[in-house]
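Each value in this text was obtained by applying a stated rule to the coordinates, not by laboratory testing. Just so you know, these numbers come straight off a predicted model, no measurement behind them. Positions of Cβ are generated from backbone atoms using ideal geometry, with glycine treated the same way; all protein chains shown enter the neighbour counts.
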Amino acid sequence: MTALSALLVRDMRLAIRVGGGALMGVLFFLIVVTLVPFAVGPDLVQLRRIGPAILWLGALLACLLTLDRLLAADHEDGSLDLILMGGTPLELSLLAKAVAHWITTGLPLVIATPLLGLLLDLEPLAIGAVALTLLAGTPALTCIGLIGAALSVALRRGGLLLPVLILPLTVPVLIFGVAASNAAVAGPLSFGAPFMILCALTLGSLVLGPFAAAAALRHGLE
Amino acid sequence: MALVGPNGSGKSSLLRLIAGLLRPSAGRIEFQGGTAERTIGEQAHYLGHLDPLKPSLTVAENLDFWAGYLGDRDSPADEALAAVGLGALTDLPAAYLSAGQRRRLSLARLLAVPRPIWLLDEPASGLDAAGQERLAEHMREHLATGGMVVAATHGPLGIECEELRLGGSP
């Protein structure tokens with residue numbers, strides 16, 4: 001087993017055993033989607049119109065739930081020291097941790113989206129569009145969150161700082177994710193343009209995220 | 001080599017400097033006889049104050065992870081666990097281990113993955129007399145195979161070694 005696969009398997013195992021991964025995220029997602037109709041009223045037309053935005057917001061907040069433990073847990077028990085010392089490039093190790101986080105947090109949200117879309121009376125086309133945009137966009141949320149996790153890991157109560165640091169950075173992902181979902185259903189834009197920009201944001205964050213996070217870690221932990 | 005000295009004299013900082021976890025403000029650290037392509041940290045085991053273990057993973061899973069991550073595994077996890085006296089607890093979650101057992105599990109990492117330098121910070125903390133004797137035995141074996149041990153300690157290590165005193169008199 002290579003170093004990266006060992007890290008990937010361990011983090012996925014931890015997420016499943018500790019319970020802070022898939023189940024917690026999906027439950028939080030469900031609660032957000034269930035609460036919104038209580039706030040805006042049971043108008044199905046309105047819910048159908050704002051449904052993609054609700055699902056995207058719910059997914060974004062659900063991703064935040066576990067991001068603060070992404071590196072903090074390893075810092076607290078000394079594992080991060082050994083990860084820093086190891087021969088594996090830190091950027092790749094952080095990417096492996098981000099992949100594990102996405103598989104255990106982001107992917108279950110994508111899978112749960114069709115069911116939650118039904119609760120908001122979304123049409124099948126809209127549900128498919130939201131699920132597809134979340135599939136393309138949630139890796140960006142994880143990678144942006146990785147930077148925030150690295151910046152806050154050495155700070156006491158850094159978990160509180162994390163949303164303040166990363167939520168502004170996720171705004172473009174949110175904008176183009178919702179825009180692509182809406183465009184698929186109502187237009188007037190084509191689905192392709194905002195979706196391509198969303199994919200570009202994800203690819204950019206996949207490249208930049210681990211490097212920025214590694215630099216923040218090296219600087220912060222000295 | 002045993003690093004001795006009062007609290008705050010820099011024993012742990014020196015170990016972290018050697019491991020590459022801290023950057024020296026001046027000077028440099030060289031390891032003669034090692035692999036030139038690899039940093040000292042990549043050729044060293046660092047055993048700090050904390051035991052890098054996950055409570056929800058079993059004893060064997062914890063060791064398997066580090067053996068897989070650090071690579072160059074020398075012996076199966078079971079052998080390393082048996083050598084530190086945890087052979088019967090492989091399937092037990094690490095959450096149930098006592099402080100001494102957690103320390104022994106951390107020491108098993110040093111045996112499972114061979115590295116020439118051992119950087120040990122208070123390695124005997126939490127260990128009972130038998131555990132300390134076993135630790136001394138492992139250090140002697142490591143030294144006998146050409147390895148190097150640099151240990152920060154407040155008590156005797158149980159092996160013949162040089163002593164570097166830091167700070168004032170304890």
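Key figures
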| quantity | calculated |
| --- | --- |
| Long-range amide H partners of B:Trp118 with built H, under 5 Å | B:His45, B:Met148, B:Val149, B:Val150 |
| For chain A, built as a Gaussian network whose Cα springs stay under 10 Å, the top-fluctuating residue of A:Cys199, A:Cys63, A:Cys143 | A:Cys199 |
| Extension gain from A:Ser5 to A:Leu30, taking 0.36 nm per residue of separation minus the Cα-Cα distance | 5.9 nm |
| For segment A:100-145 versus segment B:50-100, the gap between their alpha-carbon centres in whole angstrom | 37 |
| Which of B:His154, A:His101 has the fewest Cβ neighbours within 10 Å, and the rest in rising order | B:His154, A:His101 |
| Integer Hz, Karplus 6.51/-1.76/1.60 couplings in order for segment B:13-30, x for Gly and Pro | 5, 5, 4, 5, 5, 5, 6, x, 7, 10, 9, x, 6, 8, x, 8, 10, 10 |
| Net charge contributed by nearby residues that have their C-beta within less than 14 Å of A:Val18 (K/R +1, D/E -1) | -1 |
| Global size of the protein assembly as shown as Cα Rg and Dmax, reported in angstrom | 24.8, 81 |
| Surrounding net charge for A:Glu222, when Lys and Arg each add one and Asp and Glu each subtract one, Cβ distance under 10 Å | +3 |
| Loop trypsin sites (Lys or Arg not before Pro), segment A:95-202 (other Cβ atoms within 10 Å of the site Cβ: 15 or fewer; DSSP) | A:Arg156, A:Arg157 |
| Model label zone, A:Val18; criterion: amide N under 16 Å from point 7 Å along Cα-to-beta-carbon; scope segment B:89-108 | B:94-96 |
| Vicinal HN-Hα couplings computed from phi for segment A:46-54 (Karplus, 6.51 cos²θ - 1.76 cosθ + 1.60; Hz; Gly/Pro x) | 5, 4, 5, 6, 9, x, x, 5, 4 |
| Virtual paramagnetic centre 7 Å along Cα→Cβ of A:Glu123, amide N under 20 Å, in segment A:53-69 | A:53-56 |
| Cα-projected label distance for B:Ser98 with A:Val207, points at 7 Å along beta-carbon direction, nm | 5.5 |
| Distant-in-sequence amide H partners of B:Leu3 (H built 1.01 Å from N, under 5 Å) | B:Ala151, B:Ala152, B:Thr153, B:Leu164 |
| Rounded tilt (10° steps) of B:59-70 against the dominant C-alpha axis of chain B | 50 |
| Where labels lie 7 Å past Cα in the beta-carbon direction, separation of A:Arg218 and A:Leu44 in nm | 5.8 |
| Share, in percent, of DSSP beta bridges within the protein assembly as shown that are antiparallel, nearest 5 | 5 |
| Helix-only mean residue ellipticity at 222 nm for the protein assembly as shown, each DSSP H run of n ≥ 4 adding -39500 (n - 2.57), per residue, nearest 500 | -20500 deg cm²/dmol |
| Where Rh is the Kirkwood radius over Cα pairs, Rg/Rh for segment B:1-41 | 1.01 |
| Segment B:126-160 versus segment B:5-32: alpha-carbon centroid distance in Å | 20 |
| Local net charge near B:Asp121, Cβ-Cβ under 9 Å (Lys/Arg +1, Asp/Glu -1) | +1 |
| Shielding of A:85-91 by partner chains, average beta-carbon count, 10 Å | 5 |
| Estimated vicinal HN-Hα couplings, Hz - segment B:152-166 in sequence order (Karplus 6.51, -1.76, 1.60; Gly, Pro = x) | 8, 8, 9, x, x, 7, x, 9, 6, 7, 6, 10, 10, 9, 10 |
| Amide H within-cut-off set for B:Gly71, under 5 Å, with H built and near neighbours excluded | none |
| Principal axes of segment A:137-222: Cα extent on each, largest first, Å | 51, 24, 13 |
